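The values are calculated or read from the model by the stated rules, or taken from the named source; none is laboratory data. All of these numbers come straight from a predicted model, not from anything done at the bench. Here Cβ is always computed from backbone atoms with ideal geometry, including for glycine, and neighbour counts include all displayed protein chains. Just the protein is used for accessible areas: all its heavy atoms, side chains included, with ligands, DNA and RNA removed. Shrake-Rupley method; radii C 1.70, N 1.55, O 1.52, S 1.80 Å.
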Amino acid sequence: GMDIKQALDAKGCVTLGKDMTLRDYAQGCYRFRGLAKGQTLCLLIVDEVKQLIARTSNTGNVRFDVVAWLLTNSMRSENLQNLALCGQLMHNAWRRQAWRSLMGSEAPPKATKGELLPSRFRKPITDAAEIKKTLSVHSVLTEADLEAEQKKKEEGVAKKRLEQILMSIRASGKRLPFDHRDILRQAGNLTKGVGALSDIAKSMGIEILDDEMLKKRSKEIQDKNERTLGKLRMIMRTVEESKTPLPFPMQQIMAQFGNLEMEVMVERLQEFLAGACGIAIKQDPFDIMVTIQKNKKTTPKKMLKLQ
């Protein structure tokens, strides 16, 4: 909007953009206040814009063709703006109805101290059939879109439930009689498969835990496994240091207890080595530290006895 003084005989250069209209062109040209009074303009047109101009008008008169093209762009822009305005007017149909419903509703009663402010709107719809009916009338989604959205939500809930069931089974230390993937595959539906898997787990006495309980149980299992592995390492070290001949290789002995749980297998292995081979297994230093933490009165002498 600033008027910068130019020479009386100045010559300006004007460029054309692909979406320029006649109004934009005129606004740019008349930055020169002295047009037709000594000042002149030179029009610079790139090849791409020249091809666009030729599609609209190609009479050979450049000034005539440029003005015709700019007018065409102006009409095209006005048409697009008209379509946008029509879309806004269509949206006003349901907005006006919503505004009337809002203005016709009654103000809620004053809430007493400690209570939530009651809503002035209608009570939320809880009936599934009523929700479906309302969505089908007012939603812009098709019936297939609504079904796909509902299926996606159900699958998300089923996946979360499946994760909880599998983690609960691992936390219990029990094993399913068959692979859980076979159950899901035979069900043909993730939701049905998760329900069947949940029933099987409950029949085995497995409690399905929530996220917080699963996190706590996972920490307990991790600590238990670390303690068991520490005992196993201590057994292997003691057997190696004792240099006592074993009736069978250690791997073959451990294979006999392979079907048991880790903690039970270590206990059976310890009993076997003590009874059959006379090898007394020292207590794991990890267990000694746990004993000290549980009983603060434990002295260094008692610790030496434990070792």
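Miscellaneous remarks
- Ranked by the mean number of other Cβ atoms within 10 Å of their residues, highest first, the peptides 2-9, 176-183 fall in the order 176-183, 2-9.
- On full extension, the segment bounded by ARG95 and SER203 gains 33.4 nm, given 0.36 nm per residue less the C-alpha separation.
- Counting charges near LEU190 (Lys, Arg +1; Asp, Glu -1) among other residues having Cβ under 9 Å from its Cβ returns a value of 0.
- For segment 140-266, convex hull of alpha carbons as volume per residue, Å³: 138 Å³
- The packing ranking, built from the mean of other Cβ atoms within 10 Å per residue, places the peptides 35-44, 187-196 in the order 187-196, 35-44, highest first.
- Count Lys and Arg as plus one, Asp and Glu as minus one, and take only other residues whose Cβ is under 14 Å from that of ASP9; the net charge is then +4.
- Across the cross-link table entries LYS133/LYS215; LYS202/LYS224; LYS153/LYS215, which are compared at the Cα atoms, the separations over 31 Å belong to LYS133/LYS215.
- The largest accessible area among CYS86, CYS277 belongs to the first residue in CYS86, CYS277, and the rest follow in falling order (1.4 Å probe, all chains).
- Apportionment of accessible area to carbon and sulfur, segment 147-249, percent (1.4 Å): 51 percent
- Accessible area, probe 1.4 Å, largest first, for residues MET103, MET213: MET103, MET213
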